[in-house]
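Taking it in order: structure first as structure tokens, then the write-up.
The values are calculated or read from the model by the stated rules, or taken from the named source; none is laboratory data. Owing to the predicted nature of the structure, the values given are computational and were not obtained by experimental measurement. As a convention, Cβ positions derive from the backbone with ideal geometry for all residues, glycine included, and neighbour counts pool all protein chains shown.
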Amino acid sequence: MVKENLASVEERVANACKRAGRKREDVLLIAVSKTKPVEMIREVMETGVVDFGENKVQEMCSKIEEINKPLHWHLIGHLQRNKVKYIVDKAYLIHSVDSLRLAKEIQKEAVKKGVDVDVLIEINIGEEESKAGIHLTDTEQLIREIASTCPNVKIKGLMTIAPFVEDAQENREYFRQMEKTRQYIDSLAIPNVTMKELSMGMTGDFEVAIEEGATMVRVGTAIFGNRNYAI
């Protein structure tokens, strides 16, 4: 069933790209495997997918160990500073950097391990109290601070988790603001910063996100089915 779900999502991604006049290869589909067993991840791997998203450091580390294949693991959940040391050399991309303190912790651990760490800056575009991320208006300042003080932290773009809505169209304006912000920061040509990536859109709204410029969409439920958080 997972493979059929993936094929359906893949078709929807391709159609959204077509509507937006974009190339399919311009959008990366990240299969969000949080809370799902390794067997399901292996099924998706058989189709050639190498990008997987996890929310929790411990779960991500144990899956990396168990699968032991050269996959791209994306940490998309909130990252606590005391967990940074476990993943600086394991995460392909950390999507959820939202403070200078966190960036400095990543910098410290990156130096210890002798690595550069690719990150995205998380923006709380809907200004929801329940969500992490910085205010849109603080984006430029935070990026400049990280870029000037954390040479091993490589900012690659922006990320957001849009509000949960019944109608995906309600998030279109938020996605539009994210793309405008990405373009603006890109135009500043800040040293040590590239603004290539825009990670936004999940199962409920990824097609609208693609139409508004997402380069990465994070899809879990539509591929793996509903989650049981009671486990």
Residues within region 73-114 that are under 16 Å from ALA147 (Cα atoms), more than 11 Å from the chain's Cα centre (by Cα) and among the hydrophobic types (A, V, I, L, M, F, W, C), tallied: 6
Test for VAL219: is it under 20 Å from SER8 (Cα atoms), touching a Leu at 6+ places or on another chain (Cβ under 7 Å) and surrounded by 17 or more Cβ atoms within 10 Å (Cβ to Cβ): yes
Tally, over region 65-81, of residues that are touching a strand residue (DSSP E or B) at 6+ places or on another chain (Cβ under 9 Å) and among the polar types (S, T, N, Q): 0
Check on ALA110, at negative phi, modelled with pLDDT under 95 and touching an Asp or Glu at 6+ places or on another chain (Cβ under 9 Å): no
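GLU211 - would you say it is more than 26 Å from THR35 (Cβ to Cβ) and surrounded by fewer than 17 Cβ atoms within 10 Å (Cβ to Cβ)? Don't jump to the end; show me each part of the working.
On the way: more than 26 Å from THR35 (Cβ to Cβ): yes; surrounded by fewer than 17 Cβ atoms within 10 Å (Cβ to Cβ): no.
Judged against the criteria, GLU211 is not a match.
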Wholly within region 1-106, strands (runs of 3 or more DSSP E) carrying at least 2 residues that are among the hydroxyl-bearing types (Ser, Thr, Tyr) and under 24 Å from ILE121 (Cβ atoms): none
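Take the residues in region 121-153 that are out of contact with any helix residue (DSSP H, G or I) (no Cβ under 9 Å at 6 or more places or on another chain) and under 21 Å from SER187 (Cα atoms); name whichever of them is surrounded by the fewest Cβ atoms within 10 Å (Cβ to Cβ). So that I can check it myself, show each step before the final result.
Quick first cut of region 121-153, residues out of contact with any helix residue (DSSP H, G or I) (no Cβ under 9 Å at 6 or more places or on another chain) only: 122, 128-133, 135, 137-138, 141, 147-148.
From the residues that got through so far, the ones that are under 21 Å from SER187 (Cα atoms) too are 122, 135, 137-138, 141, 147-148.
On the way: GLU122: 25, HIS135: 11, THR137: 9, ASP138: 15, GLN141: 11, ALA147: 17, SER148: 11.
Of everything passing the filter in region 121-153, THR137 is surrounded by the fewest Cβ atoms within 10 Å (Cβ to Cβ).
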Filtered residue count, region 35-57, keeping only those that are touching a Phe, Trp or Tyr at 6+ places or on another chain (Cβ under 9 Å), in contact (Cβ under 8 Å) with a residue 24 or more places away in the chain and not hydroxyl-bearing (Ser, Thr, Tyr): 8
